[in-house]
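**Q** Take a look at this one; I'll ask things after.
The values are calculated or read from the model by the stated rules, or taken from the named source; none is laboratory data. Values in this document were obtained by computation on a predicted structure and should not be read as measured data. Reconstructed Cβ throughout: ideal geometry from the backbone, glycine too, with neighbour counts over all protein chains shown. In case anyone asks, the SASA skips ligands and DNA or RNA and just uses the protein heavy atoms, side chains included. Shrake-Rupley method; radii C 1.70, N 1.55, O 1.52, S 1.80 Å.
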Amino acid sequence: RTKIGKVIEAFSKPSTKSYRQLSDVEKSIIIVLHMEGKSLRAIGKQIGHSWSTVKRVVDRYKAEKSVERLPGTGKARKLSEAERRDIVLKVKRDSSITAREIRAEIGREDVCISTILRPIHEDGEL
């Protein structure tokens, strides 16, 4: 068994229907195997992922020359940084203000109470 074979065995996952992000190590293994001339299907079987997942990693590597995730991926925040700072400042000025009052003052009736409370908790005010 080769070193790469041992690494692949360590990172292979059992076949499940749940989704999880591939680690940078797994992506790197895919790229190395692809550069060695293995087919997408062979790589997929070897690491326990579908050939389409392998293809996506290889295509992204060809386009970006990297296996790392791009910055800014993920769900966008509902509140801007200025709104988040404003919320924390309101609580610092008046510790008895409620989240509903803050939401009304900043004019963001479209966000839920937990969204208003999150920057306060993250700042350590509550």
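**Q** Looking only at the range 84-119, which residues are in a loop (DSSP other than H, G, I, E, B) and either at pLDDT 90 or above or at positive phi (or both)?
**A** If the condition is that a residue be in a loop (DSSP other than H, G, I, E, B) and either at pLDDT 90 or above or at positive phi (or both), then D94, S96, I97, T98, G107, R108, E109, D110, V111, C112 are the ones that fit.
**Q** Taking into account only those residues within the range 29-49 that are under 22 Å from the mean Cα position of the chain (by Cα) and at pLDDT 90 or above, which is surrounded by the fewest Cβ atoms within 10 Å (Cβ to Cβ)?
**A** Looking at residues that are under 22 Å from the mean Cα position of the chain (by Cα) and at pLDDT 90 or above, I get I31.
**Q** Six or more apart or on different chains, Cβ under 7 Å: which pairs go from a residue in the range 100-112 that's touching a residue at least 24 places away in the same chain (Cβ under 8 Å) to one that's basic (K, R) and assigned to a loop (DSSP other than H, G, I, E, B)? Could you list them?
**A** Short answer, once both residue conditions are applied: V111/K78.
**Q** Right, here's the next one. Of the numbered conditions (1) under 25 Å from the mean Cα position of the chain (by Cα); (2) over 15 Å from E122 (Cα atoms); (3) of a type outside the set (F, W, Y), L79 satisfies every one except a single condition; which is it?
**A** Among (1) under 25 Å from the mean Cα position of the chain (by Cα); (2) over 15 Å from E122 (Cα atoms); (3) of a type outside the set (F, W, Y), L79 violates only (2).
**Q** Another question about this same structure. State whether the residues of the range 109-121 include one that is open to solvent by less than 90 Å² (accessible area, probe 1.4 Å) and charged (D, E, K, R).
**A** Taking every residue of the range 109-121 in turn, none turns out to be open to solvent by less than 90 Å² (accessible area, probe 1.4 Å) and charged (D, E, K, R).
**Q** Filter the range 62-76 down to the residues that are of a type outside the set (G, A, S) and either on the phi > 0 side of the Ramachandran plot or open to solvent by 60 Å² or more (accessible area, probe 1.4 Å) (or both) and list them by number. Lay out the reasoning, then the answer.
**A** First, pick out the residues of the range 62-76 that are of a type outside the set (G, A, S): 62, 64-65, 67-71, 73, 75.
Correct list: K62, E64, K65, E68, R69, L70, P71, T73, K75.
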